[in-house]
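To keep things clear, I will list the structure first and then write my remarks on it.
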Amino acid sequence: MGILDTILWPIRWVIEAILVGFHRLFETLGLEGASGLSWVLAITALVLVVRAALIPVFVRQIKSQRKMMEIAPDLKKIQDKYKGKKDQFSREAMSRETMALYSKAGTNPFSSCLPLLLQMPIFFGLFRVLSEAGLGNAGVSYMTQDLAVQFANAELFGLAPLSATMQTALSGEAGLAGNQTIAVAIIAAVMVVLMSASQFVTQLQIMAKNQSAEMKESPMYRQQRILLYVLPLVFLFSGVFFPLGVMFYWLVSNFWTMGQQFLVIRNLPTPGSQAAKEREERIAKKRERRGLPPIEEVTDNAPEEAKPAQRQQPMGKSRAKKKGPAPKKKPGNNGPATGGTPAKPKGK
């Protein structure tokens with residue numbers, strides 16, 4: 001067992017438990033266990049479980065992206081301050097100020113990559129599970145020898161083995177018949193196109209609608225523009241080397257990401273972005289249909305909150321004693337003094 005297999009061992013154990021568990025569930029519901037459909041549905045269910053578990057990480061990613069957007073103007077000021085300065089002192093000063101800005105905002109540029117980084121070990125673990133099962137080898141936990149052989153023989157539409165790749169099918173290494181080779185090539189090509197298109201649409205809707213004017217001027221935006229065209233090409237060229245079962249996982253995961261981003265951009269857009277303006281317009285139209293005043297008027301006409309009156313603090317006994325007793329009245333003309341002789345009336 002290599003170092004990579006040792007690292008992926010616990011991930012493979014969990015993947016096999018989930019995959020085999022759903023496969024047995026679909027068998028209980030009446031699907032044939034040896035059919036490709038039951039294994040494809042089990043892989044789809046695995047995607048849903050993994051992506052649902054990563055929702056808290058995705059929420060954290062959104063918060064991090066918002067904070068990055070807030071500090072984008074300050075980040076640009078730092079970059080403009082040291083623009084053209086290539087000496088060691090300037091580079092170190094720029095690095096210190098940038099890291100201090102990230103620390104103050106409680107974010108960093110790598111937080112947006114966290115969901116992808118967490119998914120990569122899962123993807124590699126699934127690749128190992130399905131690759132070994134495609135060869136008829138038992139896994140590390142619930143993927144027994146019988147189930148591995150069953151998966152290796154499972155076919156989509158009765159023609160395309162889930163363990164086959166476009167590369168092995170076209171090169172003849174898989175030992176498939178002519179019609180099976182064509183079926184594998186067509187299914188793999190369709191999935192590669194769908195994977196590339198879904199990745200492109202996901203990235204495009206982020207850049208076109210969910211970026212503020214300040215963010216579009218930052219270096220991060222330029223990096224995203226590069227990824228807009230690079231990532232689909234990665235899917236296009238690497239997809240031919242992955243088994244059909246792995247490609248199903250990747251495709252369903254891409255569709256989940258596209259739908260998730262659509263909901264976030266529609267309901268929680270970045271302030272100042274095109275999506276935020278469209279959301280405000282939808283809210284205004286909805287209020288107009290219901291006969292409600294615009295939000296601006298409601299905000300302007302809202303009564304000011306009354307400031308609470310200052311409360312008179314009660315005086316404790318100790319404080320009263322410190323003040324001393326009340327002063328006695330001095331004898332005067334208005335009446336007799338307490339405990340004294342009454343004043344004599346003045347004569348005429």
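The values are calculated or read from the model by the stated rules, or taken from the named source; none is laboratory data. Since the model is a prediction, treat every value here as computed from it, not as a measurement. All Cβ positions, even for glycine, are placed from backbone atoms using ideal geometry, and neighbour counts span all protein chains on display.
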- request: Scan segment 51-58 and give yes if some residue there is modelled with pLDDT of 85 or more and either on the phi > 0 side of the Ramachandran plot or among the hydroxyl-bearing types (Ser, Thr, Tyr) (or both), otherwise no.
  value: no
- line: Considering segment 1-19, residues that are β-branched (Val, Ile, Thr) and farther than 13 Å from VAL50 by Cα, and then whichever is surrounded by the fewest Cβ atoms within 10 Å (Cβ to Cβ), we arrive at ILE3
message: Checking the conditions here, which among LEU114, LEU130 is touching a residue at least 40 places away in the same chain (Cβ under 8 Å), closer than 19 Å to GLN223 by Cα and either in contact with a Lys or Arg (Cβ under 9 Å, 6 or more places away or on another chain) or surrounded by 12 or more Cβ atoms within 10 Å (Cβ to Cβ) (or both)?
response: LEU114
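If I filter segment 1-29 down to residues being of a type outside the set (Phe, Trp, Tyr) and under 20 Å from ASN153 (Cβ atoms), which single residue comes out as farthest from the chain's Cα centre (by Cα)? Show your work before the answer.
Initial filter on segment 1-29 (of a type outside the set (Phe, Trp, Tyr)): 1-8, 10-12, 14-21, 23-25, 27-29.
When the remaining residues are screened for being under 20 Å from ASN153 (Cβ atoms), the result is 16, 19-20, 23-24, 27.
Numbers: GLU16: 26, LEU19: 24, VAL20: 28, HIS23: 29, ARG24: 31, GLU27: 34 Å.
Of everything passing the filter in segment 1-29, GLU27 is farthest from the chain's Cα centre (by Cα).
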- line: Considering residues that are out of contact with any helix residue (DSSP H, G or I) (no Cβ under 7 Å at 6 or more places or on another chain) and either among the aliphatic types (A, V, I, L, M) or under 25 Å from LEU118 (Cβ atoms) (or both), the number found within segment 9-54 is 12
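When residues of segment 73-118 are filtered for being in a helix (DSSP H, G or I) and either over 31 Å from the mean Cα position of the chain (by Cα) or over 30 Å from VAL49 (Cβ atoms) (or both), how many remain?
Of all residues in segment 73-118, those in a helix (DSSP H, G or I) come to 73-81, 88-105, 111-118.
Next cut, either over 31 Å from the mean Cα position of the chain (by Cα) or over 30 Å from VAL49 (Cβ atoms) (or both) only: 73-81, 88-105.
Residues flagged as in a helix (DSSP H, G or I) and either over 31 Å from the mean Cα position of the chain (by Cα) or over 30 Å from VAL49 (Cβ atoms) (or both) within segment 73-118 amount to 27.
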- prompt: What pairs can you find where one residue is in segment 28-54 and under 20 Å from MET191 (Cα atoms), the other is of a type in the set (D, E, K, R) and at pLDDT 90 or above, and their Cβ atoms are less than 7 Å apart, with a gap of 6+ or different chains?
  reply: SER38/GLU27
message: Against the condition within 19 Å of LEU244 (Cβ to Cβ), more than 28 Å from the chain's Cα centre (by Cα) and charged (D, E, K, R), how does GLU32 come out, does it pass?
response: yes
query: Are there any pairs with C-beta distances below 9 angstrom linking a residue in segment 255-274 that is at positive phi to a residue that is among the hydrophobic types (A, V, I, L, M, F, W, C) and modelled with pLDDT under 85, with the two at least 6 apart or on different chains, and if so which?
result: GLY272/MET69; GLY272/ALA213; GLY272/MET215
message: Within segment 28-43, does at least one residue satisfy the condition of being among the β-branched types (Val, Ile, Thr), surrounded by fewer than 16 Cβ atoms within 10 Å (Cβ to Cβ) and modelled with pLDDT under 90?
response: no
- line: Residue set GLU278, GLU288; condition surrounded by 12 or more Cβ atoms within 10 Å (Cβ to Cβ), in a helix (DSSP H, G or I) and acidic (Asp, Glu); output residue GLU278
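Residues are listed down the side, and each one gets a yes or a no for (1) within 23 Å of SER273 (Cα to Cα); (2) β-branched (Val, Ile, Thr); (3) outside any helix (DSSP H, G or I); (4) touching a strand residue (DSSP E or B) at 6+ places or on another chain (Cβ under 9 Å):
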position: TRP13; (1), (2), (3), (4): no, no, no, no
position: GLU27; (1), (2), (3), (4): no, no, no, no
position: LEU31; (1), (2), (3), (4): no, no, yes, no
position: ALA45; (1), (2), (3), (4): no, no, no, no
position: VAL49; (1), (2), (3), (4): no, yes, no, no
position: ALA52; (1), (2), (3), (4): no, no, no, no
position: LYS63; (1), (2), (3), (4): yes, no, no, no
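Yes/no matrix, rows are residues, columns are (1) closer than 30 Å to ARG266 by Cα; (2) surrounded by fewer than 20 Cβ atoms within 10 Å (Cβ to Cβ); (3) touching a residue at least 60 places away in the same chain (Cβ under 8 Å); (4) not hydroxyl-bearing (Ser, Thr, Tyr):
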position: ASN153; (1), (2), (3), (4): no, yes, yes, yes
position: THR165; (1), (2), (3), (4): no, no, yes, no
position: ALA188; (1), (2), (3), (4): no, no, no, yes
position: GLN203; (1), (2), (3), (4): yes, no, no, yes
position: TYR229; (1), (2), (3), (4): yes, yes, no, no
position: PRO243; (1), (2), (3), (4): no, no, yes, yes
position: VAL246; (1), (2), (3), (4): no, no, yes, yes
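What are the residues in segment 119-162 that are aliphatic (A, V, I, L, M) and part of a helix (DSSP H, G or I), if any?
Within segment 119-162, the subset aliphatic (A, V, I, L, M) is 120, 122, 126, 129-130, 133, 135, 138, 140, 143, 147-149, 152, 154, 156, 159-160, 162.
Of everything in segment 119-162, those that are aliphatic (A, V, I, L, M) and part of a helix (DSSP H, G or I) turn out to be MET120, ILE122, LEU126, VAL129, LEU130, ALA133, LEU147, ALA148, VAL149, ALA152.
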MET247 vs. criteria in contact with a Gly (Cβ under 8 Å, 6 or more places away or on another chain) and either under 30 Å from PRO56 (Cβ atoms) or at pLDDT 85 or above (or both): yes
